[in-house]
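The values are calculated or read from the model by the stated rules, or taken from the named source; none is laboratory data. Since the structure is predicted, the reported quantities are computational estimates derived from the model, not experimental observations. Glycine gets a Cβ as well: all are built from the backbone with ideal geometry, and neighbour counts include every protein chain shown.
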Amino acid sequence: MVNEPLRLPFAVYGKPEISGDAGCYRFLVRHPAFDPPALDRALRRCVTALEWKPGSHRHKPVFGLVREGEETLVARFLDVGRDANGRPHTLRVECVLWSEGECPGELLEGEHWNGIPEAARETAVFHPDGKSPSVPPGEPGVIRFFGDRDQFVCATGTRIIAS
């Protein structure tokens, strides 16, 4: 059985690759569905709760889930290397909105994140194969992080360090 592709609103948050202000994180791409301030706050809570462990190597992606009202923000945190000022572990967050209960497990696996478009008015496309178990979105106010098949759970306002 072939599952239908998922088309989801998305946003990309990070530093511009070429910028006069190398220290400025902002939305680089943002689908219109990301306009509500509550979703903005959910993404910023995830970003401030995650910290890369110091070191010279790039870190593997970490995934985060946070429920905001009826929608779940599913985020992939990437270490994209050094910024324009040479600082390591520059953060890039690619995220989609899920609004139908449990999330397909494929949304927490890096190999499924190849359908992120460059244009803000389009949707991200995922091709679930149904092999990964679905994941409940969790309780409001709790951020759930997943990485290397491990799961971290932290309440809003706390920080985790990803190695």
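Some observations on this one:
- Evaluating Thr72 against the criteria (1) of a type in the set (S, T, N, Q); (2) closer than 19 Å to Pro136 by Cα; (3) surrounded by fewer than 20 Cβ atoms within 10 Å (Cβ to Cβ) leaves one unmet condition, (3).
- Pro128 vs. criteria modelled with pLDDT of 75 or more, assigned to a loop (DSSP other than H, G, I, E, B) and exposed (fewer than 12 other Cβ atoms within 10 Å of the Cβ): no
- Residues that are in contact (Cβ under 8 Å) with a residue 40 or more places away in the chain and part of a loop (DSSP other than H, G, I, E, B), drawn from segment 81-108: Asp83, Ala84, Asn85, Thr90, Pro104
- Residue, surrounded by the fewest Cβ atoms within 10 Å (Cβ to Cβ), within segment 1-42, restricted to residues that are among the hydroxyl-bearing types (Ser, Thr, Tyr) and at pLDDT 75 or above: Tyr25
Let's see how each residue does on (1) of a type outside the set (Ser, Thr, Tyr); (2) within 12 Å of the chain's Cα centre (by Cα):
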residue	(1), (2)
Tyr25	no, no
Arg30	yes, no
Asp35	yes, no
Asp40	yes, no
Arg44	yes, yes
Lys53	yes, no
Val66	yes, yes
